[in-house]
1. With the Cα gyration tensor of segment 1-148 in hand, give its eigenvalues times 5 under a square root as the equivalent ellipsoid semi-axes, listed largest first in whole angstrom.
2. What does the net charge come to around Asp149 if you take all other residues with beta carbon closer than 13 Å to its beta carbon, with K and R at +1 and D and E at -1?
3. Along the charge dipole of the chain, Cβ charges K/R +1 and D/E -1, which of Phe186, Gly126, Leu79 sits furthest on the positive end?
4. Measure off 7 Å from each Cα along the Cα-to-Cβ vector at Glu22 and Ile98, then give the distance between these two points in nanometres to one decimal.
5. Can you run phi through the Karplus equation (6.51, -1.76, 1.60; θ = phi - 60°) for segment 194-204 and list ³J(HN,Hα) in whole Hz, with x for Gly and Pro?
6. Along segment 152-164, what does the Karplus equation 6.51 cos²θ - 1.76 cosθ + 1.60 (θ = phi - 60°) give for ³J(HN,Hα), rounded to whole Hz, x for Gly and Pro?
7. Over segment 53-183, what relative contact order in percent results from Cα pairs under 8 Å that are six or more residues apart?
8. Amide H of His46 versus every other amide H placed in the peptide plane: which residues, excluding those fewer than 5 positions away on the same chain, fall under 5 Å?
Amino acid sequence: MDFADFIFINEEFRADKVSPEELGRLLAKGWRHFGKYFFRYSIAYHDNKYRRVMPLRIRLGDFSLSRSLKRIARRNVDLEVSVGKSFLDEEKQRLFDIHKQRFRGPRPGSILHFLDAEPGSVPCPGLEFCVRGEDGSLMAISFADEADDSLSSVYAMFDPAHSRRSLGIYTILLEVEHAKDLGKEFHYLGYAYEGSSFYDYKKRFSAIERYDWQGNWVDFEE
C-alpha cells in the first residue's frame, strides 16, 4: 500500500468526564474511547498487512434503508426493544461471555474492557439499546454515547444462537432511528479498515462519510 503523503496518527489520553459538546468535537476529529481511555490511530495491522483506518459516520438527514436493511428490520419486529441510560449488571456480563466466543485470538475477560463501570455517565452520557425475546431473555444490546450533535456506537453484543436475525446490524438501526428522533445530525459507526475486514458490516449503510485524517469528512467510496 502506498502511504505517500498520508498522515500517521497514534494518540491517546484519559478523561474522567467529557461534556456532550467536547465529545462532539472529539468524534469529528476521529477520536474513539473505551471507558475513560480515548484514542485515535490512522493505521492498523490486519491480516498480515497495514491498513488505513477509516472513521465512519452517517449523515442522518440523507440516510435511507436499503432493501437488505428493511428485511433485517422486518425480521425482528417480534422482539421487545427498550432504550435507556446505560448500566451494567450480571445479565449483560453473561451475554458478553457468550458473545466473546466469536472473537479470534485473546478474549477480554470482562465487558469492562470496553465500558466504564458506570457507562451511563462516565466519561459521558451513555444510552443502551436492549433487544429481548418473548421470554424476556436478553438477546442483544448496544451501547452508544450521546454528543451534542450525534450518537456514537461504542460496543454491541448479541447471542450467536440468533445470528440469522443479524442483531448487530439491527441494534445499529435502532441507534440510527433514535438519533434521528433526537434531531441529531450524525451517527458515528466507529472504525473500519480500507479493504476487506471484520468491520465491513459498517459499510452497508447509506449516506456514509469517512474521515481523511486531515480534518475533513468526505463521501465514503470503497
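Since every read-out is calculated from the coordinates, none of them should be taken as a lab result. Treat the numbers as computed from the prediction; the structure is a model and nothing was measured. Quick reminder, even Gly has a Cβ in these numbers, built from the backbone with ideal geometry, and neighbours come from all protein chains shown.
1. Numbers: eigenvalues 159, 86, 72 Å².
The answer is 28, 21, 19 Å, longest axis first.
2. Numbers: positive: Arg25, Arg57, Arg59, Lys180, Lys184; negative: Glu21, Glu22, Asp145, Glu146, Asp148, Glu185.
Residues near Asp149 contribute -1 overall.
3. Leu79
4. Modelled inter-label distance: 3.7 nm.
5. Once θ is set to phi - 60°, the couplings for segment 194-204 become 5, x, 6, 6, 6, 9, 5, 4, 6, 8, 7 Hz.
6. Computed from phi, the couplings for segment 152-164 are 9, 4, 10, 7, 9, 8, 8, 7, x, 4, 10, 4, 5 Hz.
7. Working: 175 pairs, mean separation 33.1, N = 131.
Here the relative contact order equals 25 percent.
8. Arg51
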